[in-house]
Amino acid sequence: MLKPKILPDDIEGLGFIEYRKMLIKELKRMKAACSEPGQTTNFMIITEWSFPDLPGKELPFIVVGDFRGTWEKYYKNTARKRSQKDFAFGNASFGKETQAGEEFNLEIRHGRIKTKGVRALDKVILGKIGLVANIIEKGGADNEEAEEETVGNVAKVGSVTSAISAKFGNAAKEEKKTSAPKKEVAQNKEERIADIKDQTAVLKTATEELKSKFAVIKSEVSAKVKKGDLARKDLLAVRELQTAFSSYIEAFNNADPKLQAKFAKAKDALDQQNKEFAKLALVVKAKKKTLAQQLSDKFFEKKGGRAATQEEIELMQNSLKAALDYRQITLREGDEKQLNLKAIYITAQLKGPAFKPTHTNVVYEKLMQPK
C-alpha cells in the first residue's frame with residue numbers, strides 16, 4: 001500500500017517548487033512500489049491550481065498513492081465541486097519507453113484532463129524526470145450516488161492492486177479482474193466535442209509553427225554551418241525545433257483517429273522535413289560548444305589562462321540546471337524570463353562552475369535597480 005505523504009492539509013499555502021520536489025519523491029516511491037507491468041496506484045489531479053508563489057498562473061496539482069481516506073474525502077467534497085471542471089481521478093502506472101520519455105499512464109475513472117492540462121503536466125513536472133503523460137480512456141458516473149460508489153471502488157481497487165501484485169504478480173491482476181470488475185461509462189457528447197475542438201486547435205497551431213521553424217532553420221542555420229559561423233542562438237533554435245516536433249508527434253498520436261486522418265498529409269510532410277533536419281542538428285551540435293562549456297572556458301581563461309576540464313564543465317552544467325530550477329525559468333515569460341536568465345549567466349561568469357543558485361539573487365537585485 002502506497003500511502004501519500006502529501007496530504008490535503010498540506011496543499012493550502014504550498015509553493016510550486018516545494019510541491020514539485022515533494023511530488024518527484026512520491027513518484028520515485030511509486031516507481032519502487034509499482035515496478036512490475038500492470039501494477040497501479042490511484043491519482044487525483046486538478047489541472048488549474050493556483051500556487052501562492054506564482055500568482056496569476058494555473059498549473060497542475062497531482063497526487064499519487066492510496067486514494068482511500070483523506071484524499072477520497074477531499075476529491076468528493078472539494079475537488080469535484082470546482083467550477084472550472086478541471087479535476088480527474090483514477091489509476092496511475094508506468095508504461096513503455098518512448099522517444100519522448102517513459103509513459104506515465106493516467107487511466108481516468110471520473111472527470112477529465114484538458115489538453116492544455118496534459119501539456120502543462122509534461123512541461124513543468126513530468127518532463128523534469130523523463131516521464132510523459134499518457135491518458136488512457138475515460139470513465140465516470142451518471143449521477144451523484146453512482147459517482148460516490150465509483151470513487152470508493154477505484155480507490156480500493158487501485159491501492160489493492162499496488163499492494164497485492166507487488167507480491168503475487170500476474171495472479172494479483174487476475175484477482176483484480178474477477179473480484180472487482182468496473183463498468184465503464186462513455187464520455188458524454190459535450191466533453192467529446194470539447195476534446196475534438198482542443199485537439200484540432202493544438203494540431204493546427206503546431207503544424208503551422210513547425211512549418212515556420214523548419215523554414216528558418218533551412219534558410220539561416222544551414223548557411224551558418226557552411227560558413228562555420230554558428231552562435232549559441234543557432235543551437236537553441238535547433239533544440240527548440242526538436243522539442244516542438246516531439247510535442248507535435250505526441251499531440252498527433254493522442255488525437256482522435258478522424259483528426260489523425262485529416263492531418264495525415266501534413267504530418268507526412270513534416271516527418272520528411274524532420275529527417276532532413278535531424279542530419280543538420282547533429283552537425284550543429286558537433287560544431288557548437290554547450291553553454292556550460294563556453295561559460296567554464298571563459299571563467300578559467302580569465303582566472304588561469306586555461307580551458308576548463310570535463311569535470312568542471314559537468315559541474316557548471318549541474319549548477320546551471322539548479323539555478324534554472326531555483327529561478328523558475330520554465331514558468332516565466334518575456335522580459336521577466338530574460339532578466340532571470342541574465343542573472344544566472346552573469347553569476348556563472350563571476351563565480352565559476354561551483355556557483356550556488358542563491359548567488360543569483362545578488363545579481364538579479366542589481367539588475368532590477370533603476371539605472
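What follows is calculated from the coordinates using simple rules that are stated; it is not laboratory data. For clarity, every value in this text was computed on a predicted model and none was experimentally measured. Cβ atoms come from the backbone with ideal geometry, glycine included; neighbour counts cover every protein chain shown.
Stick to the Cα atoms of segment 1-122, pair each with every other, and give me the Kirkwood hydrodynamic radius in Å at one decimal. Mind showing how you got there, number by number?
Values: mean 1/r = 0.0674 Å⁻¹.
So the Kirkwood estimate lands at 14.8 Å.
Candidates 259, 249, 273 compared by Cα position along the dipole of segment 189-287: farthest toward the positive end lies 273, with charges placed on Cβ.
Given Cβ point charges of +1 (Lys, Arg) and -1 (Asp, Glu) and nothing else, what value in debye, to the nearest 20, does the dipole of segment 189-287 about its Cα centre take? Display every interim value, and only then the final one.
Numbers: 21 positive and 15 negative charges, 106 e Å.
In debye, rounded to 20, segment 189-287 gives about 500.
Over segment 189-287, the hull volume per residue, using the convex hull of the C-alpha atoms, is 84 Å³. If the chain linking residue 260 and residue 98 were pulled fully straight, counting 0.36 nm for each residue of separation and taking away their Cα-Cα distance, it would gain 56.4 nm.
Going from the alpha-carbon gyration tensor of segment 249-358, what semi-axes, largest first and in whole Å, does one get by taking the root of 5 times each eigenvalue?
Details: eigenvalues 294, 79, 23 Å².
Working through the eigenvalues yields semi-axes of 38, 20, 11 Å.
Look at the dipole of segment 291-368 built from charges on Cβ: of 340, 319, 300, the Cα furthest out on the positive end belongs to 300.
Give the calculated FRET efficiency between residue 219 and residue 244 to the nearest 0.05, with a Förster radius of 22 Å applied to their Cβ-Cβ distance. Let's see the in-between values first.
Details: r = 17 Å, r/R0 = 0.77.
It comes to 0.80.
Residue pairs exceeding 26 angstrom between C-alpha atoms, taken from 73/189; 25/123; 57/128; 28/213; 114/275; 21/275: 73/189; 28/213; 114/275; 21/275.
Could you sort 212-218, 103-109 so that the peptide with the highest average Cβ count within 10 Å comes first and the rest follow in order? Can you show the working numbers first?
Details: 212-218: 15.4, 103-109: 20.9.
So the order, starting with the most tightly packed, is 103-109, 212-218.
Using the Karplus relation 6.51 cos²θ - 1.76 cosθ + 1.60 with θ = phi - 60°, the per-residue 3J(HN,Hα) values for segment 336-350 come to 4, 5, 5, 5, 5, 5, 4, 4, 5, 5, 5, 4, 4, 5, 7 Hz, with x marking Gly and Pro. Dipole magnitude for segment 257-371: computed about the Cα centre from +1 point charges on Lys and Arg Cβ and -1 point charges on Asp and Glu Cβ, it is near 280 debye.
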